[in-house]
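Scroll down for the structure; my scribbles are underneath it.
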Amino acid sequence: MRGSSKTTDEETICDEQIKEYICEIIESEGICYGYYKITIILRRKFNLIINKKKVYRLCKELNVLRPQRQIKQKHPREIAQNREITNSNALWEVDIKYGYIHGEDRFFYIASFLDVYDRNIVEYHMGLSCTAEDIT
């Protein structure tokens with residue numbers, strides 16, 4: 001049956017009743033929940049077998065959805081802030097990565113020299129050690 005859901009007792013509940021449950025949850029808790037948490041509460045408190053996408057649709061119809069949060073960039077790139085780079089090979093940076101060699105219980109290292117202007121690898125070193133003498 002379209003426009004309804006079932007409980008764990010196989011009882012059919014129409015969407016209008018589910019909308020009333022959603023309004024009851026929002027009013028009684030006093031906290032603005034998102035559709036995902038409302039789905040969990042509907043499953044636990046009212047024993048509904050309901051999908052989060054359906055709860056999203058019903059919340060959208062009721063106009064109770066919270067605005068989506070804006071994700072901020074956690075680590076802004078701070079490369080060459082005090083320099084104006086206008087061509088290749090004006091400024092390089094070094095990126096060192098390492099990995100584990102399972103059979104030998106050792107690490108290997110990759111040191112890459114990157115051109116800041118066009119982000120190309122200028123030179124690299126790969127070996128079992130990564131000291132200043134290895135990469136110069």
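The values are calculated or read from the model by the stated rules, or taken from the named source; none is laboratory data. The shown structure was predicted, so the numbers you read here are calculated from the model rather than taken from an experiment. Positions of Cβ are backbone-derived with ideal geometry, glycine not excepted, and every protein chain shown enters the neighbour counts.
Pairs only if they're at least six apart or on different chains, beta carbon under 6 angstrom, first in segment 107-133 and outside the structural domain of Ile96 (by TED's automatic domain parsing) and without any contact (Cβ under 8 Å) to a residue 24 or more places away in the chain, second surrounded by 13 or more Cβ atoms within 10 Å (Cβ to Cβ) and of a type outside the set (Val, Ile, Thr); list them, first residue then second.
That search, which allows pairs on different chains as well, returns nothing.
Determine if segment 9-22 includes at least one residue that is among the basic types (Lys, Arg), surrounded by 12 or more Cβ atoms within 10 Å (Cβ to Cβ) and touching a residue at least 24 places away in the same chain (Cβ under 8 Å).
yes
When residues of segment 8-42 are filtered for being hydroxyl-bearing (Ser, Thr, Tyr), outside any helix (DSSP H, G or I) and more than 26 Å from the chain's Cα centre (by Cα), how many remain?
2
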